[in-house]
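Each remark here refers to the structure printed beneath this line.
The values are calculated or read from the model by the stated rules, or taken from the named source; none is laboratory data. Small disclaimer: the values here were computed from a predicted structure and weren't measured. Quick reminder, even Gly has a Cβ in these numbers, built from the backbone with ideal geometry, and neighbours come from all protein chains shown. The accessibility values were calculated without ligands, DNA or RNA, using every heavy atom of the protein model including side chains. Shrake-Rupley method; radii C 1.70, N 1.55, O 1.52, S 1.80 Å.
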Amino acid sequence: MAHSRRSVLPPSRIPSRTGMASLIATAALLACGVAQPAAAAPPPTAPAEDAAIGAATDGGSPADVSTFSGEWNGPWTISFLPDGRSALATERYTHRVVRLGLDGSKQQLGMVPNTLTDPVQLPGQGQGLSQGKGGLLGVAPSPTWDGTTDKRVFFMHTTASDTRVARMSYDGTSLSDYTTVLGGIQRGGDHNGGKLAFGPDGYLYVSTGDARQPKLAQDMQSLNGKILRITETGAAAPGNPFGDRVYSYGHRNPQGLAWDRNGRLWAAEIGEDTWDELNLIKPGANYGWPTCEGACNVAGMTNPMMTWTPAEGVPSQLAIVRNVIYVSTLRGQRLWRVPIDGNSERVGSATPFFNRTYGRLRPIAKVPGADELWLGTNGRGTDKDQILKVTIK
């Protein structure tokens, strides 16, 4: 398959803290500490020798980009199967699931039942508050998926009444056997979160939005405005900080999750009118919404590691290659490169790539075993979105 390719010239670097109202990097670990509940399980960590080896290979930047796969309709996320030879991708509005191979081949696997994107009137929200912009969101295959003894694949999507996590069977050919794993998450416009990812600990992490009801982010009885950590049956994972499904709270609309080489969880979060955020997620921590948007000095609130203005951000998802975080953005229409400072919890200066070259950017995934990213465009029109291959050198 022929792919168009171009070399990437490194743009000027942007300091992590600047006088412009365009970008802030919070270099401090946590400007406002949160006491961790005694029951909280620590995040998984890598052996010290692995971290030392990784430090020697840190860095790199986008060097080449090519059009890897075309004729997509609003791809939302990309998640590789355990063998690393192909990935599953979702299309938000068509509700289709596609398998994309390393050779660029595409296989339509079917659709996720009960998915509703069109606006619906939800109980108790009054006239004029119909909720649309949901659809088929995240996908995460079981870490032991092989298509025979383990066929489990997990999806996050909106229905007529809620946002939910569902499980289906995928035998390598088609999808079947839809089962709700976790329902009752309120849906609300485009504040549905939607990312699913299995962590290094083998548990499923779920990002949920505030459903356009900001108070839910601080409501510990609600599943909204949270990052959840659950088992494959939907139960609370052992060691969660509050003994329920909640891993962290105070989120507005987190859509990107990824772990660094030390097993630490990072999240990209869409803010309201002022700041979008890159957060280092700690168990039991409160990330401030709606009291705080961006950094603030409020006791008990955890500040972001970096913020962007909406014009440069609206970050959707993220991936990590060689200890560097790459964040795709929608309104900003660029890919941000944010290096982690060695094994510390600090980040360095951010650098933008592909500024308005490809339009809105949403799904992003590291290609297993390679210093490459798959990066998807979003909203170009019917059959006009693309999956790009970005080589890191």
Practice task
Tell me, please, whether a residue that is surrounded by 19 or more Cβ atoms within 10 Å (Cβ to Cβ), of a type outside the set (A, V, I, L, M, F, W, C) and assigned to a loop (DSSP other than H, G, I, E, B) can be found in region 75-91.
Solution key: no
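A quick yes/no check of all residues on (1) at pLDDT 95 or above; (2) open to solvent by less than 10 Å² (accessible area, probe 1.4 Å); (3) under 22 Å from L116 (Cβ atoms); (4) among the hydrophobic types (A, V, I, L, M, F, W, C):
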| residue | (1), (2), (3), (4) |
| --- | --- |
| T158 | yes, yes, yes, no |
| G184 | yes, no, yes, no |
| T208 | yes, yes, yes, no |
| G239 | yes, no, no, no |
Practice task
Go through region 248-290 and give me each residue that's out of contact with any Lys or Arg (no Cβ under 6 Å at 6 or more places or on another chain), crowded, with 23+ Cβ neighbours inside 10 Å and polar (S, T, N, Q).
Solution key: S248, N253, N279
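This table checks each residue for (1) surrounded by fewer than 19 Cβ atoms within 10 Å (Cβ to Cβ); (2) of a type outside the set (A, V, I, L, M).
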residue	(1), (2)
V246	no, no
C292	no, yes
C296	yes, yes
W308	no, yes
E312	no, yes
Y326	no, yes
T329	no, yes
E345	yes, yes
S349	yes, yes
Problem - Close pairs (6 angstrom Cβ cut-off, 6 or more residues apart or separate chains): closer than 22 Å to W259 by Cβ in region 183-201, in a loop (DSSP other than H, G, I, E, B) anywhere - result: G193/T208; G193/G209; F198/P143; P200/P44; P200/G263; D201/P44
Exercise for the section: Looking only at region 295-339, count how many residues are farther than 24 Å from I392 by Cβ and part of a loop (DSSP other than H, G, I, E, B). Expected result: 14
Fill in the blank from the handout: Within region 108-145, residues being open to solvent by 70 Å² or more (accessible area, probe 1.4 Å) and modelled with pLDDT of 95 or more number 4
Handout entry: Filter result for A365 (open to solvent by less than 20 Å² (accessible area, probe 1.4 Å) and under 14 Å from S316 (Cβ atoms))
Key = yes
Practice task
Would you confirm whether any residue within region 289-296 is in contact with a Pro (Cβ under 8 Å, 6 or more places away or on another chain) and closer than 16 Å to G332 by Cβ?
Solution key: yes
Exercise for the section: Return the residue satisfying two criteria in turn: it lies in region 345-359 and is in contact (Cβ under 8 Å) with a residue 40 or more places away in the chain and of a type in the set (S, T, N, Q), and of such residues it is nearest to I281 (Cα to Cα). Expected result: S349
Exercise for the section: Return yes when P290 is assigned to a loop (DSSP other than H, G, I, E, B) and under 22 Å from A235 (Cα atoms) and no when it is not. Expected result: no
Fill in the blank from the handout: Taking region 210-231 and the residues there that are open to solvent by 40 Å² or more (accessible area, probe 1.4 Å) and in contact with a strand residue (DSSP E or B) (Cβ under 9 Å, 6 or more places away or on another chain), the one that is nearest to G138 (Cα to Cα) would be R212
